[in-house]
Amino acid sequence: MGPQSAEPASTATGAVFLSYASQDAEAAQRICKALRGAGIKVWFDQSELRGGDTWDRQIRERIHDCRLFIALISAHTEARDEGYFRHEWKLAIERTHHMSDKKPFLVPVVIDDTRERGASVPDKLHEVQWTRLPGGETPPEFIARINRLLSPEPPTAARLPADAAASSAAIPVTTGRPSPVSRALQGAVAVLVLAALVYLLADKFSGAKHAASEPLGTPNEAAASPSGTPSAPSATAAFTPPPHSIAVLPFVNMSGDKEQEYFSDGLTEEILNALVRVNELQVTARTSSFSFKGKDSDIGAIAHKLNVGAILEGSVRRSGHTVRITTQLVNAVTGFHLWSETYDRDLRDVLKLQTEIATAVAGALKVTLLSDVAMKSELGGTSNPAALDAYLRGVRAYPDATNGEDLLSAAASYTEAIRLDPGFARAFAARSYALSYYAANWATGNAVHDGFIKGGEDARHAVALAPELAEGHHALAFFLGQTLEFRRAEEEYARATALAPGSAEIVWEAGLFATQMGRTEAGLAALRRATELDPVTEGTQETYGYALYLARRYEAALTAYGHAISLAPDQRALRAARGLVYYALGDFESARSSCQDDSGVDSLVCLSAAYEKVGRHADAQATLGRFMKLRGDADAYAYAEIYAQWGDTGKGLEWLETALRLRDSGFVLLKTDPLMDPLRSEPRFQAVMRELKFPD
């Protein structure tokens, strides 16, 4: 096959040069097609026969004339020391040595789970931000970034207004954790003015000269040295996180009693939730921020991993019904403290304190805080110290729940909070979600029905008490989705997202639901946004992989699951979930191997189906038998999936109708579930689809 799409040099000038290993041609084609579809010129050599003087001369001309050089990085480029892509990389890097301007030129793009740290690529590619496009999936955000890079450079510092006439290289950088600012130093006006000025300059430069460095999917890790060791930010490898991005680290418990840690953790989460209501802020999810708890990491390293420009940290000291909270906001780009304060408050005023902190943070980050944000921060709360204490116990316990008993324990804390303050809307919303999640994933027999009934009542009560409370609408959306009220669930997810647009949890769940309902592009876009807000947590990447699986984008799904597994190598459930993707690709032995070490519903479905496909019929029957004994009728939908894959249409439809009679929550998958494809043409299947009234 000869060159199919190599444009003449006269038309390629100023275009994008796409460099890739031959094994990555399919992903490269996807990226090329997306860029060309947006009107961007791309030089993309699809020839199998490379080399020779003529080809070499053409490559040199294209790389000399191109405006951007996109280097696709994958396991294939890692594994090969030789290859024409290496020659192209060398030519591109040589060009950077002779460039008189500092315009961005190299654009490294990772298309699988290759990690930046320690990757075998030229040093120059470690000096610029990496973008991840799993399988070559190319979202609008990446196309917009390339368009920005191809646009003329913004005015130089000499033409900026007087208050911004400075070079980004002149901004000081620190590499270690700044020492706490004493109360006396807080009054040093000159230091605060200087800090504010430096932040303003850094913000202006990050919004202009470095606008092309917005993260996509998962942000890059810290720039690495040739040995793979993370390096501190520098003038030659600028750290340019998104403007107004912030992470809230777990506040340190200073009470002298480890049993009080739930209070400092819960209070941190409530402050974080107050910040996500500010439209202009990008707030890292709790799961990513809390992953640094107890680790001796400096601010710069944390900020690089989370790709944020500011870090809020602090401490909590509680004594009886009073609390002292010390906070400090650090500009992660410059190392300067932007703001710090110490608060002494009665516990009944904690919600007002959260508003004060959110307002101060927004002011320091030059964000205009709308008047209704303060109201939303205090919405649905309590002034009862004992109720707040019980609620924070639940807030702390819920994220660590790994089984049904843990969920019920968290729900019990919320119940105590409600008993102490029957008007505590946030506690109703939290208990609703815990009970609905328990019913959907852990309960059996009558407990499924009872859990959903109580969960629905709590969600509606939370919304009635506080109609503008995002958590109430979120809990109601989840309940409605699990009880098959899909159209109403869609409305509630939209409402929750509008009320808390920066909440990673809400964006994540709304994106998954949209994908399940067949709104694929909107759902995947939301999930990509969730991975930006929650970059170092395997669960978000796993969900993105599952959504890609539902969208039948199996190769991209494998890449996303690979990244999730790299974040949590010991999580057997991740490998089990990936097994369904192998199964969909027809790699039944890999599917069986992935699923055999876990006992979750997806694993049992995958294992039952894979055993049958590899001819181990007795093992398939035995696995299904154990599954049914364990769960009874609670997973009728899953049994229908298994029989559908076994080719037993009659039993598959019988279990599907049983699931409908039981209102099985698994039906949230029915519209997009690949495992149900063998039944879709059956009239009885289509009747079930009509009965469920999926959104159009």
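Within the range 658-667, does at least one residue satisfy the condition of being among the β-branched types (Val, Ile, Thr) and either over 25 Å from Asn403 (Cα atoms) or in contact with a Leu (Cβ under 6 Å, 6 or more places away or on another chain) (or both)? Within the range 658-667, one or more residues are among the β-branched types (Val, Ile, Thr) and either over 25 Å from Asn403 (Cα atoms) or in contact with a Leu (Cβ under 6 Å, 6 or more places away or on another chain) (or both).
Is it the case, given these coordinates, that Glu269 is out of contact with any Pro (no Cβ under 7 Å at 6 or more places or on another chain), at pLDDT below 85 and of a type outside the set (Lys, Arg)? Write out each step before concluding.
Values: out of contact with any Pro (no Cβ under 7 Å at 6 or more places or on another chain): yes; at pLDDT below 85: no; of a type outside the set (Lys, Arg): yes.
Criteria not met by Glu269.
Taking the range 253-306 as the range and being β-branched (Val, Ile, Thr) and either in a helix (DSSP H, G or I) or more than 16 Å from Glu505 (Cα to Cα) (or both) as the test, the residues that pass are Thr268, Ile271, Thr287, Ile299, Ile302. Residues that are within 26 Å of the chain's Cα centre (by Cα), modelled with pLDDT of 80 or more and not in a loop (DSSP other than H, G, I, E, B) do occur in the range 383-392.
Scanning the range 640-655 for residues that are touching a Leu at 6+ places or on another chain (Cβ under 7 Å) and surrounded by 17 or more Cβ atoms within 10 Å (Cβ to Cβ), we see that the one that is nearest to Phe685 (Cα to Cα) is Leu653. Of the residues that make up the range 150-170, is at least one surrounded by fewer than 16 Cβ atoms within 10 Å (Cβ to Cβ) and modelled with pLDDT of 75 or more? Yes: the range 150-170 contains one or more residues that are surrounded by fewer than 16 Cβ atoms within 10 Å (Cβ to Cβ) and modelled with pLDDT of 75 or more. Of the residues in the range 296-303, at least one is touching a strand residue (DSSP E or B) at 6+ places or on another chain (Cβ under 8 Å), surrounded by fewer than 23 Cβ atoms within 10 Å (Cβ to Cβ) and closer than 30 Å to Pro104 by Cβ.
Considering the range 657-673, and only residues there that are of a type in the set (Ser, Thr, Tyr) and part of a helix (DSSP H, G or I), the residue that is surrounded by the most Cβ atoms within 10 Å (Cβ to Cβ) turns out to be Ser665. Restricting the range 66-90 to residues that are in a helix (DSSP H, G or I) and under 30 Å from the mean Cα position of the chain (by Cα) leaves a set whose member that is modelled with the lowest pLDDT is Ala79.
Pairing residues of the range 398-413 that are under 19 Å from Glu270 (Cβ atoms) with residues that are of a type in the set (Ser, Thr, Tyr) and modelled with pLDDT under 90, at Cβ distances under 6 Å and at least 6 apart in sequence or on separate chains, gives Ala410/Tyr398. Identify the residue in the range 1-37 that is of a type in the set (Gly, Ala, Ser) and in a loop (DSSP other than H, G, I, E, B) and, among all such residues, is modelled with the lowest pLDDT. For the range 1-37, the residue satisfying everything is Gly2.
Here is a yes/no grid of residues against (1) farther than 21 Å from Leu133 by Cβ; (2) under 14 Å from the mean Cα position of the chain (by Cα); (3) part of a helix (DSSP H, G or I):
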site	(1), (2), (3)
Tyr544	no, yes, yes
Ala547	no, yes, yes
Tyr561	no, yes, yes
Ala573	yes, no, yes
Val581	no, no, yes
Glu589	yes, no, yes
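Farther than 19 Å from Tyr583 by Cα and either outside any helix (DSSP H, G or I) or among the basic types (Lys, Arg) (or both): does that describe Asp696? Yes; evaluated as a whole, the condition is true for this residue. Evaluating Arg57 against the criteria (1) modelled with pLDDT under 75; (2) more than 21 Å from Ala27 (Cβ to Cβ); (3) part of a loop (DSSP other than H, G, I, E, B) leaves one unmet condition, (3). In the range 612-639, the residues that are assigned by TED's automatic domain parsing to the domain that holds Ser665 and more than 19 Å from Leu675 (Cα to Cα) reach residues that are surrounded by 14 or more Cβ atoms within 10 Å (Cβ to Cβ) and of a type in the set (Phe, Trp, Tyr) with C-beta atoms within less than 8 angstrom, at least six apart or across chains, in these pairs: Asp619/Tyr611. Here Ile63, Ile40, Ile93 are screened, and the one residue that is part of a loop (DSSP other than H, G, I, E, B), among the aliphatic types (A, V, I, L, M), closer than 25 Å to Ala144 by Cα and modelled with pLDDT of 80 or more is Ile40.
Which members of the range 552-581 meet the condition of being hydroxyl-bearing (Ser, Thr, Tyr) and in contact (Cβ under 8 Å) with a residue 24 or more places away in the chain? Even if it seems obvious, please write down each step before you answer.
Taking the range 552-581 and keeping what is hydroxyl-bearing (Ser, Thr, Tyr), we get 554, 559, 561, 566.
Once the filter is applied, which keeps residues that are hydroxyl-bearing (Ser, Thr, Tyr) and in contact (Cβ under 8 Å) with a residue 24 or more places away in the chain, the range 552-581 yields Tyr554, Thr559, Ser566.
Given the condition assigned to a helix (DSSP H, G or I), crowded, with 22+ Cβ neighbours inside 10 Å, in contact with a Gly (Cβ under 6 Å, 6 or more places away or on another chain) and among the charged types (D, E, K, R), answer yes or no: does some residue in the range 417-428 qualify? Taking every residue of the range 417-428 in turn, at least one turns out to be assigned to a helix (DSSP H, G or I), crowded, with 22+ Cβ neighbours inside 10 Å, in contact with a Gly (Cβ under 6 Å, 6 or more places away or on another chain) and among the charged types (D, E, K, R).
Looking only at residues in the range 269-305 that are in contact with a helix residue (DSSP H, G or I) (Cβ under 6 Å, 6 or more places away or on another chain) and among the charged types (D, E, K, R), the one that is farthest from Lys258 (Cα to Cα) is Arg277.
The values are calculated or read from the model by the stated rules, or taken from the named source; none is laboratory data. Since this is a predicted model, take the numbers as computed values, not measurements. All Cβ positions, glycine included, derive from the backbone under ideal geometry; neighbour counts span all protein chains shown.
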